[in-house]
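Each remark here refers to the structure printed beneath this line.
Coordinate-derived values only; no laboratory data. As the structure is a computational prediction, the values presented were derived from the model and not from experiment. FYI the Cβ positions are ideal-geometry reconstructions off the backbone, even for glycines, and counts take in every protein chain you see.
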């Protein structure tokens with residue numbers, strides 16, 4: 001089976017998408033997986049419209065060109081916390097034709113099971129569409145207020161500390177019902193907590209504790225995440241392990257150089273090559 005390629009957090013940067021196109025045409029991976037934050041950062045009601053134009057225009061054209069350059073490559077993707085959820089219908093429209101949408105779903109590609117989730121813990125950022133409480137236990141997020149998309153508008157929202165529901169843990173258990181976790185590659189926009197894949201510049205771990213508990217309990221072969229762009233530079237590694245599970249965050253360093261990871265989907269995380277760091 002051809003190697004697969006995983007990247008995340010492209011944030012609408014044309015240079016990164018073009019590099020992804022080039023490496024795919026050159027190496028013809030069995031699958032390209034994009035782990036969220038597809039669109040340019042854009043706030044407010046105008047931001048929702050701006051991201052919709054990006055998805056309906058640039059991303060559709062990118063996917064068509066990817067298919068022309070590498071017809072055998074399957075494109076799998078999901079949104080991240082910087083993508084307005086009101087535009088999810090743009091991705092749904094081409095699901096099964098130009099790409100496979102994997103948020104809240106489990107699919108098979110070449111006999112390999114893949115499942116995905118866009119949910120992240122509550123962040124200090126303003127867009128709150130893809131944020132959730134962790135697991136119902138006590139937590140103190142840095143920012144509870146922000147905006148969610150409702151129709152084509154951004155409306156104020158505040159998380160209720162007295163409720164702490166719905167949770168990331170609940171969403172992950174819904175995925176368990178769809179697949180066999182110990183035999184499934186998970187694409188989760190947030191990395192698990194307390195790994196070399198969830199560190200911000202201050203050296204603090206900000207990943208999801210609900211995802212970590214899920215990984216500890218189910219031990220999938222591979223968890224692919226992003227969200228924390230700087231983590232590989234801070235920790236000096238794009239991968240870590242939790243028991244038998246290999247956890248990966250390729251990062252994205254704010255330059256025109258694409259950060260991503262090549263891997264054999266049948267070997268889990270045994271041999272990987274990062275576009276910047278090289279082999280693991």
Prolate/oblate/rounded call for the range 1-77, Cα gyration tensor, a/c under 1.5 rounded
prolate
Once both labels are modelled 7 Å past Cα along the beta-carbon direction, what's the residue 89-residue 143 spacing in nm?
2.8
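Order by neighbour count: 43, 184, 195, fewest other Cβ atoms within 10 Å first, most last.
Placing the least packed residue first, the sequence is 43, 184, 195.
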If we count other beta carbons within 10 Å of each Cβ, what is the order of 79, 21, fewest first?
21, 79
Please report the Cα spread of the chain along all three principal axes, rounded to whole Å, starting with the longest.
51, 42, 37
Arrange the following residues from fewest to most other Cβ atoms within 10 Å of their Cβ: 197, 90.
90, 197
Could you check which residue among 66, 101, 53 shows the biggest mean-square fluctuation in a GNM of the chain with a 10 Å Cα cutoff?
53
Pair-distance profile P(r), taking every C-alpha pair of the range 101-240, with 10 angstrom steps and integer %
12, 39, 36, 13, 0
Mean-square fluctuation check for the chain, GNM, Cα pairs under 10 Å: which of 178, 75, 258 is largest?
178
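With a/c under 1.5 counting as rounded, go ahead and sort the range 39-90 into rounded, prolate or oblate using the C-alpha gyration tensor (a ≥ b ≥ c being the square roots of the eigenvalues; past the cut-off, prolate if a/b is larger than b/c, else oblate).
Cα axes put the range 39-90 in the prolate bin.
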When the chain is treated as a Gaussian network with springs between alpha carbons less than 10 Å apart, the largest mean-square fluctuation among 13, 219, 108 is found at 108
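Counting pairs of alpha carbon atoms under 8 Å apart in space and at least six apart in sequence, what relative contact order in percent does the range 89-141 give? Provide the component values of the computation, followed by the final result.
Numbers: 44 pairs, mean separation 11.1, N = 53.
Value for the range 89-141: 21 percent.
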Please give the calculated 222 nm ellipticity per residue for the chain, where each DSSP H segment of at least 4 residues contributes -39500 (n - 2.57) and the sum is spread over every residue; nearest 500 deg cm²/dmol?
-6500 deg cm²/dmol
